[in-house]
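Take a look at the structure set out below.
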Amino acid sequence: MALIVQKFGGTSVATTDRIKHVAKRVARWKSQGNDVIVVPSAMSGETNRLIGLAREISAVPDPRELDVIASTGEQVTIALLAMAMHEEGLKAKSYTGPQVRVLTDSTFTKARILQIDDEKIRKDLAEGHVVVVAGFQGADENGNITTLGRGGSDTSAVALAAALKADECQIYTDVDGVYTTDPRVVPEARKLDTITFEEMLEMASLGSKVLQIRSVEFAGKYKVKLRVLSSFLDEGEGTLITVEEDKKMEQPIISGIAFNRDEAKLTVLGVPDRPGIAYQILGPIAEANIDVDMIIQNVGHDGTTDFSFTVNRADYTKALSVLEAVKNKLDARGVVGDNKTCKVSAVGVGMRSHPGVASQMFGALAAESINIQMISTSEIKISVVIEEKYLELAVRVLHKAFGLDKAD
């Protein structure tokens, strides 16, 4: 007997028919002797609808009240799913996050989980129940309802799996696993049988939308075995995300090609080349609550230098206005920007023991006359900023260059 936590996304529970299908799937796992905890999201589109209602009342809704309304989407799903399981002959109980006592901090709309009281769940499991827990939500120490931010149901599921020391946390979504890259861009993309937490974390942070990044961080920290499976296919092993094993180092150098279209590049021209200049530029950017990704400061000439960085495209206009004020304070020559850029990344733990990955990547892009504007590296990834119009070509070229289109 194993303890399994299963998370089902919004598309998996989008209709009552799909909820019935989820109940049948859970019944199969239960019939094999497993204890099962199910964490569903709200029905597809429901959270957006609820937030839309709030914004019809107030342009800037109170965060506490926004969490109260946003959390109700999952409350509907857990009750419907418990009912569907009863129809399958299963004993099932549903709980909201506050009922279980998922304790969070008080950061409304993006709270972080601090602790989970597993007493009720363990008691119900011992009595043969399937326990259905609302994802995305909890309560702070004062009893206020909180939500975990977009994609928070993944984090809820992983946190429950960690608290109860589950054998596996299964994330059911509309894809059947993690692929070497987006199959819509590269039809030859292959599903990976396994991928390490480190690689998945990089893939998630670099644009892969399969898993929410916080859930991967949580799973890696608490060594929770994570498996991505399809809600719509009854067969297949999906992709197992696990800790790195030594044998992995002898397997393919690169595990996947990730990309992000939502990049914008900004450059402050002719700033004084002196200590503290980076802080004087990025301090105001941080105060404006704008996240910075890549940063490059050029070699100084005649006492001045150019300072470039990238931000999410949604923050481009805001960042430009901040930099105009910075330019005047620093007596810089000017500010230029480009919101037609993208980021393409090669990810793989094999990079640690294989030299020449960067040159292979840059050579493949050069052969297609794709100019690299910025470069960022870590121990297991290399990212480049290029013109957005070359994104799909770059992804296809790199996928082929690293042999990701071929079977292991």
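Only one of the listed residues (Ile51, Ile69) is of a type in the set (Val, Ile, Thr), under 24 Å from Val210 (Cα atoms) and out of contact with any Gly (no Cβ under 8 Å at 6 or more places or on another chain). That residue is Ile51. Within region 14-26, residues that are of a type in the set (D, E, K, R) have Cβ atoms under 6 Å from residues that are part of a helix (DSSP H, G or I) and at pLDDT 95 or above in these pairs: Lys20/Ala84, counting only partners at least 6 apart in sequence or on another chain. State all residues of region 124-148 that are free of Cβ contacts under 8 Å to residues at least 60 places away in the same chain and surrounded by fewer than 20 Cβ atoms within 10 Å (Cβ to Cβ); if no residue qualifies, say none. Scanning region 124-148 gives Asp124, Ala126, Glu127, Gly128, Asp140, Glu141, Asn142, Gly143. Looking at region 281-296, which of the residues that are outside any strand (DSSP E or B) and open to solvent by 70 Å² or more (accessible area, probe 1.4 Å) is nearest to Leu330 (Cα to Cα)? Here the residue is Glu287. The C-beta contact set for region 250-265 (first residue open to solvent by 50 Å² or more (accessible area, probe 1.4 Å), second residue at pLDDT 90 or above and in a strand (DSSP E or B), distance under 6 angstrom, 6+ apart or interchain) comprises Arg261/Cys342; Asp262/Asn312. Considering Val357, Val344, the condition of being in contact with a helix residue (DSSP H, G or I) (Cβ under 6 Å, 6 or more places away or on another chain) and farther than 21 Å from Arg313 by Cα is satisfied by Val357 alone. Looking across Val335, Val322, Val311, one residue alone is under 23 Å from the mean Cα position of the chain (by Cα), more than 30 Å from His354 (Cα to Cα) and touching a residue at least 24 places away in the same chain (Cβ under 8 Å). It is Val311. In region 370-389, the condition of being within 28 Å of Ala401 (Cα to Cα), assigned to a helix (DSSP H, G or I) and out of contact with any Leu (no Cβ under 6 Å at 6 or more places or on another chain) is met by at least one residue. Taking region 297-307 as the range and being open to solvent by less than 10 Å² (accessible area, probe 1.4 Å) and not aromatic (Phe, Trp, Tyr) as the test, only Thr305 passes. Which pairs have Cβ atoms under 9 Å, sit 6 or more apart or on different chains, and link a residue in region 273-289 that is in contact (Cβ under 8 Å) with a residue 12 or more places away in the chain and under 14 Å from Val322 (Cβ atoms) to one that is among the hydroxyl-bearing types (Ser, Thr, Tyr) and in a helix (DSSP H, G or I)? As it stands, the answer is Ala288/Ser321, since those pairs meet every condition given. Only one entry of Ile116, Ile121 meets the criterion of being open to solvent by 10 Å² or more (accessible area, probe 1.4 Å), more than 19 Å from Glu46 (Cα to Cα), among the β-branched types (Val, Ile, Thr) and out of contact with any Ser or Thr (no Cβ under 8 Å at 6 or more places or on another chain), and that entry is Ile116. His86 satisfies every condition listed in (1) free of Cβ contacts under 8 Å to residues at least 12 places away in the same chain; (2) open to solvent by less than 40 Å² (accessible area, probe 1.4 Å); (3) of a type outside the set (S, T, N, Q) except (2). Total residues in region 303-340 satisfying the condition of being part of a strand (DSSP E or B) and of a type in the set (Ser, Thr, Tyr): the figure is 4. In region 43-52, the count of residues that are farther than 13 Å from Tyr172 by Cα, of a type in the set (Ser, Thr, Tyr) and assigned to a loop (DSSP other than H, G, I, E, B) is one or more.
Of the residues making up region 338-355, those that are polar (S, T, N, Q) and more than 22 Å from the chain's Cα centre (by Cα) number 2. Report yes if Ala59 is within 27 Å of Gly149 (Cβ to Cβ) and part of a loop (DSSP other than H, G, I, E, B), otherwise no. Against the criterion (within 27 Å of Gly149 (Cβ to Cβ) and part of a loop (DSSP other than H, G, I, E, B)), Ala59 qualifies.
Filtering Val39, Val68 for residues that are of a type outside the set (D, E, K, R), closer than 16 Å to Ala84 by Cα and at pLDDT 95 or above leaves a single hit, Val39. The set of residues in region 220-245 that are of a type in the set (A, V, I, L, M), touching a helix residue (DSSP H, G or I) at 6+ places or on another chain (Cβ under 8 Å), open to solvent by less than 10 Å² (accessible area, probe 1.4 Å) and farther than 12 Å from Ala161 by Cα contains only Ile241.
The values are calculated or read from the model by the stated rules, or taken from the named source; none is laboratory data. Please read all numbers here as calculations on a predicted model, not as lab measurements. Ideal geometry is used to build each Cβ from the backbone, glycine not excepted, and the neighbour counts take in all protein chains shown. Note: areas computed on protein heavy atoms with side chains; ligands, DNA, RNA excluded. Shrake-Rupley method; radii C 1.70, N 1.55, O 1.52, S 1.80 Å.
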